[in-house]
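To start, the structure itself, in structure tokens.
Readers should treat all values here as calculations from the given coordinates under stated rules, not as data from a laboratory. Values in this document were obtained by computation on a predicted structure and should not be read as measured data. All Cβ positions, glycine included, derive from the backbone under ideal geometry; neighbour counts span all protein chains shown.
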Amino acid sequence: MPSTSLAAWPFDNTYARELAGLHAPCQPSRVPAPRLLFLNLPLATELGLDPATLAGPGGADLFAGNVLPPGAEPIAQVYAGHQFGGFSPQLGDGRALLLGELVDRAGRRRDIAFKGSGRTPFSRGGDGKAAVGPMLREALIGEAMHALGIPTTRALAVAATGEPVYRERPLPGAVLTRVAASHLRVGTFQFAAARGDGARLRLLADYAIARHDSDLVGTPGRYMGLLARVAQRQAALVAQWMNAGFIHGVMNTDNMTVSGETIDYGPCAFMEAFDPQAVFSSIDRQGRYAYGNQPGIARWNLARLAEALLPLMVEDEVAAGGDEDAAAEGLVAQATAVIDAFPAQYEAHLRQGQRAKLGLALTDPDAGAGTDGGTEAATDPGPDASLADDWLALLHAQRVDFTLGWRRLADAAAGDEAPLRALFTDLPALQGWLARWQARCSLDSGDTPGERARRMRRANPWIIPRNHQVELALEAAMEEGDLGPFDRLLAAVRAPFEERPAFAAYAEPAPAAVTAAYRTFCGT
Ligand code: AMP
Ligand code: MG
């Protein structure tokens, strides 16, 4: 039943209760003039909260952190992390607070957290605050990702605080309320492991298993099982990023969840012209987190998770009577096998997604019998994978907009090739590829061109949050307090697969010069 008052948030705070030593109690800062800028009505309903109440008087105070819903037990979580490859043994929520957990209408436990609510014991030199622009950006991109079907944390609300935050210049401050399957990060495990705190590490790992892989609870070998599950979820997630042209921008181990949700929207961006080297983040000077590097980085991060979990695995084998050195050797080999399996798992997800985007039946007609798109994909790409690779090479060579290229391929499936051709300069190269693709399509029996086009339009968005549109919307909100452009862009990205003429401007790429100069900044 939806709650009728702000008081009725049925929090259950397992993280605060069960994981002593991995958080510190902390209250949000009071702010002078709260104002609600964004309220996520569908998400509020999903959580069993009453959107009308949240939108009413009191909602702004609540989402700015001035009035806590009863039952909230605000804590700052501690974690460690590899940032751009270098290890920091203690990071933690420098400007975030976990209020507690709600079990949503579908029975899923969801974290409710503030971001930008003031200093915490883990703020280091930071002010603990956030500006309106980056918080609206996180809300917008999260909703876009969700609408694209990509697992993600989401914003329930963004409230302006009425006080400035000081960056290169004073900016209006804001607090974002984040909803997440959990805030367990690879870095959370690294924190406990780096302190050699086996008891705490075990509590944490068992907590993660109970929360995300409950079928593994109490089983022998469950920590290896957890590692394998996290790897599976990340393989699926990163493949979805790649097929959407999404660049996270800061894939540090503290920004990688064990839940498999995308988290921490800082300098992320969607690619326009296809380029595997694309990188937008102003702080990523070496291109460590470039588009094409994301699967490799995910694997690297998973190896760090494996290292963190290894002491628990060894401890269990020794407790079961094993020799410590032999146990360690065997477990390292097993964990290595899990990590080594990641590229093929990722590739299987990527290829499955590409087949949908190409409008093909989901199995490769020429691949070996019994294949599930599994391990052999890494060594022998197969004809469908080559078709996809050659398509991407074509997009790259001709600097074609990634989103429009795929989308207009659906028009070509329906018999209208002109919109697609308009994106290319070297038409014979396109024509040659189209002939191969059409020949491949004809192998899928029982499929009309119209059906294929409709299927492709469900796999290839018409709208992504294009960088120039995002900037325009944030600028209007920040500089003029005008939320109109933000609201329109939000409406556009919330139905990305529908071609609605009123939103046509949002489907257009930015002028090339704008994209070339585009830089994103960490949301600090
Ligand atoms: P990020 O890479 O944005 O996920 O942030 C890395 C670390 O910096 C995290 O521990 C954040 O909590 C912390 N941090 C970012 N911005 C601030 C801020 N304004 N004040 C305090 N800590 C911050
Ligand atoms: Mg982070």
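Rounded to the nearest whole angstrom, the semi-axes of the ellipsoid equivalent to segment 84-225, taken from the Cα gyration tensor as √(5λ), stand at 30, 21, 13, largest first.
Our summary gives the chain a relative contact order of 14 percent, counting only alpha carbon pairs under 8 angstrom and 6 or more residues apart. Whole-percent P(r), segment 73-147, all Cα pairs, 5 Å bins from 0: 3, 14, 16, 20, 23, 16, 6, 2, 0.
Give me the percent relative contact order of segment 391-524, please, defined on Cα pairs under 8 angstrom at least 6 residues apart. Walk me through the intermediate numbers first.
Values: 113 pairs, mean separation 31.5, N = 134.
It rounds to 24 percent for segment 391-524.
Based only on Cα atoms, what mean projected area does the convex hull of segment 225-318 have, in nm²? Show your work: numbers first, answer last.
Details: hull surface 24.6 nm².
Mean projected area of the Cα convex hull: 6.2 nm².
Peptides 495-506, 476-487, 296-307 ranked from most to least packed give 296-307, 476-487, 495-506, packing being the mean of other C-beta atoms within 10 angstrom over each peptide's residues.
Rounded to a whole number, what is D in µm²/s for segment 69-111 from Stokes-Einstein with the Kirkwood radius over alpha-carbon pairs (20 °C, 1.002 mPa s)? Mind dumping the intermediate values first?
Details: Rh = 12.4 Å.
Estimated diffusion coefficient is 173 µm²/s.
Taken over segment 20-169, the alpha-carbon convex hull comes to 138 cubic angstrom per residue.
The alpha carbons of segment 469-511 give a radius of gyration and a Dmax of 10.8, 31 Å, in that order.
Using the Cβ atoms and a cut-off under 13 Å, what net charge is assigned to the surroundings of Leu305, where Lys and Arg are +1 and Asp and Glu are -1? Present the calculation step by step, with values, prior to reporting the outcome.
Working: positive: Arg185, Arg229, Arg233, Arg299, Arg304; negative: Asp254, Glu307.
Neighbour charge sum, excluding Leu305 itself: +3.
Among Phe270, Phe191, Phe122, Phe521, the order by Cβ neighbours within 10 angstrom, fewest to most, reads Phe521, Phe122, Phe270, Phe191. For the chain, the mean residue ellipticity at 222 nm estimated from helices alone is -14000 deg cm²/dmol, where every DSSP H run of n ≥ 4 contributes -39500 (n - 2.57) and the total is divided by all residues, rounded to the nearest 500.
Using the alpha carbons of segment 158-233, what is the convex hull volume per residue in cubic angstrom, as a whole number? All intermediate terms of the calculation are to be shown ahead of the outcome.
Working: hull volume 11.5 nm³, N = 76.
Hull volume normalised by residue count: 151 Å³.
Translational D (Stokes-Einstein, µm²/s) of segment 1-109 at 20 °C and 1.002 mPa s when Rh comes from the Kirkwood sum over C-alpha pairs? Rounded to a whole number, D works out at 138 µm²/s. Relative to its residue count, the chain spans a Cα convex hull of 158 Å³ per residue.
If R0 is 51 Å, the Cβ-Cβ spacing of Ala517 and Gln90 corresponds to a FRET efficiency of close to 0.90.
Diffusion of segment 390-524 by Stokes-Einstein, at 10 °C in a medium of 1.306 mPa s and with Rh set to the Kirkwood radius over alpha-carbon pairs, works out to 95 µm²/s.
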